[in-house]
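Beneath this line is the structure, given in structure tokens, with notes to follow.
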Amino acid sequence: MQIVRAKYENEIFYGDLHEGKVTRYDGSPFVVWENTEEVYDLEEIELLAPVLPSKVVAIAKNYAKHAAEMGLPEYSENMPENPIIFIKPSTSVIGSGQNIKYPTIGEHVDIEAELALVISKVSKNIDKNNWMDHVLGITIANDLSERVLQGKTGHFTRAKGFDTFCPLGPYIQTEFVDSPELQIKSYVNGDLKQDGNTRDMMFKIGEILEFISSIMTLLPGDVILTGTPEGVSKVERGDEIKIEIDTLGTQINTVE
Ligand code: MG
């Protein structure tokens, strides 16, 4: 099932995307819902971010080749005991098709294509072997990052927390497996930049969720970003970013 959030006239609702049509839900996929009889063509609705999280928790440097391109070639042999985590605010979330706003103080903004997890229920102390019980589905994320600020201060949340710096979607795919091997590709103006696979994550999904939920309670709709493969690429105003992940569709955003 592919879950979307959409706007039609003045109403916002969740729905089920199937063969180019959206069947509206009565309710939210995080509680209990039923399909209604209302069906919309994609052309007549505006797709929004598929979820509005209370928080986005992200993992840094979870692919050895990306750690190497960020100046940490030894990372694959000397993995830290725990993943490095940071928060992206809920206000950084936008949907596929919405514009990314280049920060006024921005100098070097990179894209990071990532697999994202959407939490299904209130979750604390998740057992890594049971992680699938806590996840509604998976989607595409772009962890946009301002590298000058990141390098200058080491504060990830400042560098990665700007408004619009977390495009999600287009939809939440509710079919997923325990050890996904999904190809992640990103393009800037049609040129391929990243071409990695989720099998190369150093901390696996269960370990990530066990660690984060040992610290903070995860709420329904919270989003976890699992790190980016190598090839992160600088973007400028006017660029079109396209990210594709197997079974998750295509996310397209323009920088303004
Ligand atoms: Mg990232």
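What the table below lists for this structure:
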| read-out | value |
| --- | --- |
| In segment 235-248, residue surrounded by the fewest Cβ atoms within 10 Å (Cβ to Cβ) [restricted to those that are touching a Leu at 6+ places or on another chain (Cβ under 9 Å) and not β-branched (Val, Ile, Thr)] | 246 |
| Whichever residue in segment 42-53 is open to solvent by 50 Å² or more (accessible area, probe 1.4 Å) and of a type in the set (A, V, I, L, M, F, W, C) and, among such residues, is nearest to the chain's Cα centre (by Cα) | 52 |
| Flag for residue 46 being modelled with pLDDT of 95 or more, acidic (Asp, Glu) and away from the ligand (no atom under 16 Å from the Cβ) | yes |
| Matching residues, segment 140-160, being among the small types (Gly, Ala, Ser) and more than 9 Å from the ligand (Cβ to nearest atom) | 151, 154, 159 |
| Residues of segment 230-240 satisfying the condition of being touching a residue at least 24 places away in the same chain (Cβ under 8 Å) and more than 9 Å from the ligand (Cβ to nearest atom) | 230, 231, 233, 234, 235, 236, 237, 239, 240 |
| Counted residues, segment 120-143 - those being farther than 22 Å from residue 173 by Cβ and within 17 Å of the chain's Cα centre (by Cα) | 0 |
| Residue within segment 59-79 that is over 24 Å from residue 183 (Cβ atoms) and touching a residue at least 12 places away in the same chain (Cβ under 8 Å) present | no |
| Qualifying strands (runs of 3 or more DSSP E) (wholly inside segment 54-119; at least 2 residues being within 17 Å of the chain's Cα centre (by Cα) and within 14 Å of the ligand (Cβ to nearest atom)) | 56-60, 84-88, 109-111, 113-119 |
| Subset of segment 119-155 that is of a type in the set (Asp, Glu) and buried (at least 22 other Cβ atoms within 10 Å of the Cβ) - its residue that is nearest to residue 187 (Cα to Cα) | 143 |
| Scope segment 74-97; condition crowded, with 19+ Cβ neighbours inside 10 Å and touching a Leu at 6+ places or on another chain (Cβ under 9 Å); matching residues | 88, 92, 93, 94, 95, 96 |
| Among (1) within 14 Å of the ligand (Cβ to nearest atom); (2) open to solvent by less than 30 Å² (accessible area, probe 1.4 Å); (3) at negative phi, the one test that residue 227 misses | (3) |
| Qualifying residue in segment 194-216 (condition: open to solvent by 60 Å² or more (accessible area, probe 1.4 Å), within 16 Å of the ligand (Cβ to nearest atom) and in contact (Cβ under 8 Å) with a residue 60 or more places away in the chain) | yes |
| Flag if residue 138 is part of a strand (DSSP E or B) and assigned by TED's automatic domain parsing to the domain that holds residue 243 | yes |
| Where residue 158 falls short, out of the listed (1) open to solvent by 20 Å² or more (accessible area, probe 1.4 Å); (2) touching a helix residue (DSSP H, G or I) at 6+ places or on another chain (Cβ under 6 Å); (3) at pLDDT 95 or above | (3) |
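The values are calculated or read from the model by the stated rules, or taken from the named source; none is laboratory data. For clarity, every value in this text was computed on a predicted model and none was experimentally measured. Note that each Cβ is placed from the backbone with ideal geometry, even for glycine, and that neighbours are counted across all protein chains shown. Calculation scope for accessible area: heavy atoms of the full protein, side chains included, ligands and nucleic acids excluded. Shrake-Rupley method; radii C 1.70, N 1.55, O 1.52, S 1.80 Å.
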